[in-house]
1. Give the residue that is nearest to VAL170 (Cα to Cα), with candidates limited to residues of the range 204-249 that are among the acidic types (Asp, Glu) and assigned to a loop (DSSP other than H, G, I, E, B).
2. Taking the options ILE493, ILE532, ILE516, name whichever one is aliphatic (A, V, I, L, M) and either without any contact (Cβ under 8 Å) to a residue 12 or more places away in the chain or farther than 27 Å from VAL319 by Cα (or both).
3. Within the range 452-472, can you find the residues that are touching a residue at least 40 places away in the same chain (Cβ under 8 Å) and open to solvent by 70 Å² or more (accessible area, probe 1.4 Å)?
4. Which of the residues spanning the range 157-197 are modelled with pLDDT of 85 or more, over 26 Å from GLN484 (Cβ atoms) and open to solvent by less than 50 Å² (accessible area, probe 1.4 Å)?
5. Of all residues in the range 495-515, count the ones that are within 30 Å of SER544 (Cβ to Cβ) and surrounded by fewer than 22 Cβ atoms within 10 Å (Cβ to Cβ).
6. So which of MET228, MET271 ends up being buried (at least 21 other Cβ atoms within 10 Å of the Cβ), over 30 Å from SER490 (Cα atoms) and not aromatic (Phe, Trp, Tyr)?
7. Which residues, taken from the range 76-98, are of a type outside the set (D, E, K, R) and over 27 Å from VAL30 (Cα atoms)?
8. Out of all the residues in the range 379-390, is one or more open to solvent by 10 Å² or more (accessible area, probe 1.4 Å), of a type in the set (D, E, K, R), part of a loop (DSSP other than H, G, I, E, B) and in contact (Cβ under 8 Å) with a residue 40 or more places away in the chain?
Amino acid sequence: MGPADMLSAVRDAKAANQTLINFICEKQLVDDLKLAQAAAKEFGMAVYDVGQHKIDNGLKGLVDRKLMRKHVVVPLFTRGKTLFIATADPFDVQCLRDIQFQSKMSVEAVICVYSSILQSREALLNNQADNIAESLSINSTDYEPTQKVIEYSVEQLFDGEGETNETPVVRFINKMITDAVDAKASDLHFEPYETEYRVRFRVDGVLREIFKPPHSWSSRLVARIKVMSQMDITERRIPQDGRIRVVISDNKTVDLRVNTLPLQFGEKVVMRILDSSSTKMGIDALGYDEDQKQHYLTALARPQGMILVTGPTGSGKTVSLYTGINILNTSERNISTAEDPIEINLPGINQTQINTRVGLDFPTAMRAFLRQDPDVLMVGEIRDLDTAEIAVKAAQTGHLVLSTLHTNSAAETLNRLLNMGLSTFNLATSVSLVIAQRLARKLCTHCKRPFEGLPQEILDDEGFDAIGIARADFKIFRAVGCKQCTKGYSGRIGIYEVLVITPKISTIILNGGSSIDILGCAIDEGFRPMRISALRKVANGIISMKEANRITTD
């Protein structure tokens, strides 16, 4: 580097709020090994090979993760009350002061090569749960138990005036809920075990451990959550259900559906986050292919018939149904729903909560709806023959009916209704559309990378020869991982198969055909199985091949 380059580097380092040595190493303006050797010579010591040093994971708690990233350091070892850290810049006095203040130990610098420090630091910090916790700004010291907390009783956790609202338990739960919403989690799990307690978030369909509060908080956490969701805090022997409404901002509220379950070492609490804004995204945001979307919109536009959405728990069935209901929600229509539970409140919709303890089940609610001059009915789930028959009757008498089932595919849904005891005639003349769906994690647009040179034989084995997209028109991408995502994924998108009940398929149903017969006929008429839909999203760079294989099979 010449004098002009050095002056420019000094200015740029100052603008970037970095030390000069770290800046020129990061920008690779000099050889970091030679720079380390020069610094070591100045200080009269040797360059330490941090790459051959096995760093104790127990030491990472001594230096804050943010300080390690800010100053590019890693803790090496301790001698008495002195902490030795690896650094490429022994002249950075502020770094030593920051770490000394945070660790409450004397700090000594050990000169190492910059690139080796980076590798060791990433290996030390490569813990996904810690990374999520850091991104959510969770500070473990905020939740350390104190003598004052241990003395609190369950009764003192009620809402009200005074210092009970400032207890760490109250702050902890409020923070967990807020952080879960910020992380776009779908569920929070509070889980007690014999010697520990943990909190997990389900983000993009995958559970991730976030934090381990003190085990002694177990009963206090449950009691506080029960108070917030209006449950009986004295009842610990049976499961309970409740609801919490959280005001996130002036124009956004989130509902939490809360369930408690007695376990061996306490009560587990699961909160399902119900964000009403997810139902207002519009059908274009759900991930339907264009022809699949048009089939759904066509079925919604009909004055009568039955639309069924099927898939496992957590596959997005509710959002698909509510999106359809929102499209139909106009002042000219009377829309009634029977749900167990009501997940999201929809203005303009008559929503009924099923309560079997007082005799209000799905069939009872449906019979009442038919006397309420309805245009559109939604049944949360068809669980038995009685509900199925009333839904069919409504669909055959001038009403549009939407509902869900738990089956693996669209074709199997029809056989499931037949196995319940529904007649082939009623099934063939009432059902107009069946949607089967799964949720897949989307690739992060910031860090996804293409696979290069994949042999055609491998693509054919996966099924790409049948997706209807030319090989030259697509690229397959893989997950990488960056600060903008979680392990290379960010958000989820629906994978669908949409089965239109055509006259030919109705004939197969009337003749007692199997799901295999129905599937064969549907494919001949242009139906795409879920596997093909998933591969098309792989070809379009939306999801990875690994994710397609996770949620579908050949």
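The values are calculated or read from the model by the stated rules, or taken from the named source; none is laboratory data. The structure presented is a predicted model; accordingly, all values stated were derived computationally and were not measured. Positions of Cβ are generated from backbone atoms using ideal geometry, with glycine treated the same way; all protein chains shown enter the neighbour counts. For accessibility, only protein heavy atoms count, side chains too; no ligands or nucleic acids. Shrake-Rupley method; radii C 1.70, N 1.55, O 1.52, S 1.80 Å.
1. Just the residues of the range 204-249 that are among the acidic types (Asp, Glu), to begin with: 204, 209, 232, 235, 241.
When the remaining residues are screened for being assigned to a loop (DSSP other than H, G, I, E, B), the result is 204, 232, 235.
Working: ASP204: 27, ASP232: 18, GLU235: 21 Å.
If we take residues in the range 204-249 being among the acidic types (Asp, Glu) and assigned to a loop (DSSP other than H, G, I, E, B), then ASP232 is nearest to VAL170 (Cα to Cα).
2. Numbers: ILE493 fails: either without any contact (Cβ under 8 Å) to a residue 12 or more places away in the chain or farther than 27 Å from VAL319 by Cα (or both); ILE532 fails: either without any contact (Cβ under 8 Å) to a residue 12 or more places away in the chain or farther than 27 Å from VAL319 by Cα (or both).
Checking each option against the conditions leaves just ILE516.
3. Just the residues of the range 452-472 that are touching a residue at least 40 places away in the same chain (Cβ under 8 Å), to begin with: 462-464, 466-469.
Correct list: GLY468 only.
4. Hits for the range 157-197 are ILE173, PHE190, GLU191, PRO192, TYR197.
5. Just the residues of the range 495-515 that are within 30 Å of SER544 (Cβ to Cβ), to begin with: 495-500, 515.
Filter again for surrounded by fewer than 22 Cβ atoms within 10 Å (Cβ to Cβ), leaving 500, 515.
Of the residues in that region, 2 qualify.
6. On the way: MET271 fails: over 30 Å from SER490 (Cα atoms).
Just one listed residue meets the conditions, MET228.
7. Taking the range 76-98 and keeping what is of a type outside the set (D, E, K, R), we get 76-78, 80, 82-88, 90-91, 93-96.
Those that are of a type outside the set (D, E, K, R) and over 27 Å from VAL30 (Cα atoms): PHE77, THR78, GLY80, THR82, LEU83.
8. Keep residues of the range 379-390 that are open to solvent by 10 Å² or more (accessible area, probe 1.4 Å), which gives 380-381, 383-386, 389-390.
Narrowing the set further to residues that are of a type in the set (D, E, K, R) leaves 381, 383-384, 386, 389.
Retained after the next criterion (residues that are part of a loop (DSSP other than H, G, I, E, B)): 381, 383-384.
Filter once more, keeping what is in contact (Cβ under 8 Å) with a residue 40 or more places away in the chain: 381.
Scanning the range 379-390, I find at least one residue that is open to solvent by 10 Å² or more (accessible area, probe 1.4 Å), of a type in the set (D, E, K, R), part of a loop (DSSP other than H, G, I, E, B) and in contact (Cβ under 8 Å) with a residue 40 or more places away in the chain, so the answer is yes.
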